[in-house]
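Visitor: Got a structure for you, questions after.
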Amino acid sequence: MKVDAEKGNGVDLAEQFHVRGYPTTVFVNADGKEIDRVVGYLPVEKWLDEIQRIDQGKNTYASLEKKLEESPNNVDVLMRFAKKVRERNRQSERIPKIWNQVQELSQQGSENYVTAVYKVAEYDAMTQGNPEPLKVFLNEYPEASQRSGAWQTLVRIYRSQKKTDQEATAFRRATDEAIEAGKASPGLLNSYAWRMAELETNLQDALDKAEKAVELVGGEDPKTQAQIMDTKAEVLWKLDRVQEAVQVINKCIELAPEDDYFQKQKSKFLGESAEA
């Protein structure tokens with residue numbers, strides 16, 4: 001049954017099943033109890049694979065819950081089940097309980113142990129709107145693989161609280177660490193540079209990272225190249241380097257001539273120049 005989660009009974013159903021993203025497909029049994037869910041759009045092949053997986057009871061919420069009843073101290077099952085619980089309800093009180101159990105069952109300092117520490121810190125930070133647990137994690141685990149996620153969650157918390165100075169600092173640290181680790185993606189650097197342009201702070205650093213994003217995007221399709229280069233142009237404009245911004249946006253227009261957004265950007269840049 002397909003429902004509109006923003007109208008009529010759909011609103012109540014979305015609340016009942018803690019739906020936070022669209023589309024979300026919830027599979028239930030005859031009693032209305034959730035078996036599993038799929039969040040987001042998937043290509044047809046992957047969608048069919050998911051239906052088959054759920055039909056066979058593989059790695060579903062219901063099957064993992066049953067396995068835990070049989071083997072309550074199985075760390076692998078606990079970790080997979082924690083993910084399923086989070087998909088259903090990010091504020092579920094079961095989440096920290098499961099990860100605390102994983103921590104107790106894991107060797108201190110092991111990957112599972114550190115993951116559990118991070119997940120509890122993330123839960124506390126998100127549900128309480130308090131960045132301190134994540135700041136403690138980042139301080140105590142300088143080599144953790146979860147640091148990128150911790151920084152990004154900090155950024156979201158500070159943004160939601162409109163603490164722009166802290167947001168900018170956390171976002172900069174996130175990108176710095178990603179570059180140092182050789183894991184910086186064009187998307188991350190582009191998002192950072194655009195946000196700094198919006199906040200009008202860290203602009204030279206934003207320009208450096210926008211240029212890095214342009215380098216990394218390489219042979220992507222022309223439209224993607226244009227979108228990344230547009231961010232560089234925006235930062236240049238915010239730095240009052242208007243002519244350079246126009247030069248870059250002209251390249252965007254060449255790459256995606258059918259997209260009038262870039263023409264509007266150029267008009268904005270030239271308009272600011274004329275007003276100055």
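What follows draws every value from the coordinates through simple rules; no lab data is involved. Since the structure is predicted, the reported quantities are computational estimates derived from the model, not experimental observations. Positions of Cβ are generated from backbone atoms using ideal geometry, with glycine treated the same way; all protein chains shown enter the neighbour counts.
Visitor: Filter Lys209/Lys232; Lys97/Lys119; Lys83/Lys163; Lys46/Lys223 down to the pairs with a C-alpha to C-alpha distance above 20 Å, please. Present the calculation step by step, with values, prior to reporting the outcome.
Guide: Working: Lys209/Lys232 9 Å; Lys97/Lys119 11 Å; Lys83/Lys163 29 Å; Lys46/Lys223 26 Å.
Those over the limit are Lys83/Lys163; Lys46/Lys223.
Visitor: Kindly identify region 99-151 as rounded, prolate or oblate by the Cα gyration tensor criterion: order the square roots of the eigenvalues as a ≥ b ≥ c, call it rounded if a/c is under 1.5, otherwise compare a/b with b/c, prolate if a/b is larger, else oblate.
Guide: oblate
Visitor: Continuing with this model, one more query. With a cap of 15 neighbouring Cβ atoms within 10 Å, and only residues DSSP puts in a loop, list the GluC sites (Glu not before Pro) found in region 172-255. Mind showing how you got there, number by number?
Guide: Values: sites: Glu177, Glu180, Glu198, Glu200, Glu211, Glu215, Glu220, Glu234, Glu244, Glu254; in loops: Glu200, Glu220.
Hits after loop and neighbour filter: Glu200, Glu220.
Visitor: Taking Cα atoms, how many degrees apart are the long axis of helix 147-160 and the longest axis of the chain, rounded to 10 and kept between 0 and 90?
Guide: 70
Visitor: May I ask for the angle, rounded to the nearest 10°, between helix 164-180 and the longest principal axis of the chain, with both axes built from Cα atoms and the value confined to 0 to 90°?
Guide: Orientation of helix 164-180: about 80 degrees from the principal axis.
Visitor: Please compute, over every Cα-Cα pair in the chain, the percentage with a separation greater than 22 angstrom.
Guide: Roughly 68 percent, once rounded to a whole number.
Visitor: Ok, one more. Which value results when the Cα radius of gyration for region 37-165 is divided by 2.2 N^0.38 Å?
Guide: So the Cα radius of gyration is 1.18 times the expected 2.2 N^0.38 Å.
Visitor: A follow-up question, please. State, to one decimal in nm², a quarter of the convex hull surface area for the C-alpha atoms of region 85-235, i.e. the direction-averaged projected area.
Guide: On the way: hull surface 40.0 nm².
With every direction weighted equally, the projected area is 10.0 nm².
Visitor: In units of 2.2 N^0.38 Å, what is the alpha-carbon radius of gyration of region 165-276?
Guide: Compactness ratio reported: 1.05.
Visitor: Now for a separate question. Within region 68-175, which trypsin sites (Lys or Arg not before Pro) sit in a loop by DSSP and count at most 13 neighbouring Cβ atoms inside 10 Å?
Guide: Lys162
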